[in-house]
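Here is the structure we will look at, set down as structure tokens.
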Amino acid sequence: MKDIAVVQISVLAAICIANLKGMFWQVKDVPRLWRENKWDSLIWVFTCIAAIILGLDLGLLAGLVFGLLTVVLRVQFPSCCALGNVQSTDLYKNVKLYKDLVEPDGVKIVRFSSGIFYGNIEGLKNGIKRIVGFDSVKVFTKRTKALRKIQKLIKKGELKTTKNGIISPAGIDNLGYESVDEPEDPEAPDNDVQTREVEIQVDWSSELPVKVSVPQVSIHSIVFDFSQITFLDVVAVKVLKLICKEFRRIDVEPYIAACDDNMLKKLDMCNFFDETIKLDMFFLTVHDAVLHIERTQEFKNGHDPILEKISLMKETKLPLDHLIIDPAYRDLHEPDEAMRALAF
């Protein structure tokens, strides 16, 4: 009888192995699965090993817990990438995935590809630093330190400033500097310096008259693409507001594009807007934000297209009818026939 029982168990084991042969051969799929999705392959391997060691029930439970853990780990490190423009279009794509993309001069476009909450906000800040190439807090701290040293040199008479506050070599009348009676607080932290006392203009891209290494800021604007953000929490809203203010104090203007209506409502409910953070920094698309930035920079540099047209008309001595008008505004200058009849 014992021999018969042993034979039956052997036959049953052979049947189980034969039926599970296809599942065992799935081990060959692990390299392919690793190339396609590393997280899924880790879950597969962990669940398989746990089922062999702990048994089928406990192994599947351990695999389920491990899968939930991988989801938490993945949202801890949100995808953050820089975008570039597809030439002659209004499309913007990841500069690492597409070729021949053009990044606007002085502008960085950052796209977030997941929800933002307290658990991944630090990873998001690190991603922004990696894309722009500098730490806005460190830049502000270094600039403040340089301004303090420049102020000391001005007090000693080694540096002079003109009326408009531009630094000039020593040896001329210091007409732009006004003495400050309040002494400098040596114990004040570098990131909380009252720079209003130093009313001078410094070209931070040039060589400074003091020995302070100030990180270079190669951009004047940054655009945050919110098109793929699904949710925000209170901590994320506060940190985003702080990030915008940190960029503004180093003369980098922040913009937000493609923000969903629900996200905009959430920002308003969490007191994102104030006297400095207003709705005019929001745009429907990234391309709209880029066009606005380009126009703003043109006017800052003294470029006025209307004045150029008037100057061109004066130089060529053409009548007003020959002035080229943008088609978008042509209806503002050409009333229809009904209006002509009413006018006369």
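The values are calculated or read from the model by the stated rules, or taken from the named source; none is laboratory data. This one's a predicted model, so the numbers in the text were calculated from it and none came from an experiment. Glycine also receives a Cβ, built like all others from the backbone with ideal geometry; neighbour counts cover every protein chain displayed. Accessible surface is based on the protein model in full, side chains and every heavy atom, while ligands, DNA and RNA are left aside. Shrake-Rupley method; radii C 1.70, N 1.55, O 1.52, S 1.80 Å.
General remarks:
- Residue-by-residue Karplus 3J(HN,Hα) for segment 112-125, coefficients 6.51, -1.76, 1.60, Hz, glycine and proline x: 9, 10, 7, x, 10, 8, 4, x, 10, 5, 5, x, 5, 5
- Taken about its Cα centre, segment 51-131 carries a charge dipole of about 180 debye when Lys and Arg each add +1 at the Cβ and Asp and Glu each add -1 at the Cβ.
- Tensor-based shape of segment 204-292 (alpha-carbon gyration tensor, a/c under 1.5 rounded, otherwise prolate or oblate): prolate
- Per-residue 3J(HN,Hα) values for segment 271-276, derived from phi via the Karplus relation 6.51 cos²θ - 1.76 cosθ + 1.60 with θ = phi - 60°, read 6, 6, 8, 8, 5, 9 Hz in sequence order (x marks Gly and Pro).
- Counting only protein chain heavy atoms and rolling a 1.4 Å probe, the accessible areas of F272, F46, F299 rank, largest first, as F299, F46, F272.
- Shape of segment 30-87, Cα gyration tensor, a/c cut at 1.5: oblate
- Ordering S114, S213 by accessible surface, largest first, gives S213, S114; the 1.4 Å probe counts only protein heavy atoms, with every chain in place.
- Working ranking of peptides 286-296, 32-42 by packing, defined as the average number of other Cβ atoms within 10 Å per residue, highest first, is 286-296, 32-42.
- Between F299 and V75, the modelled labels are 4.2 nm apart [label points 7 Å from Cα along Cα→Cβ].
- C48 - accessible surface, heavy atoms, 1.4 Å probe, Å² rounded to 10: 50
- L60 versus K152: modelled label distance in nm, points set 7 Å from Cα along the beta carbon direction: 7.2
- Across K108/K152; K93/K266; K93/K238, pairs whose alpha-carbon gap is larger than 30 Å: K108/K152
- Computed label-point distance, nm, for sites A18 and L242 using a 7 Å Cα→Cβ extension: 6.7
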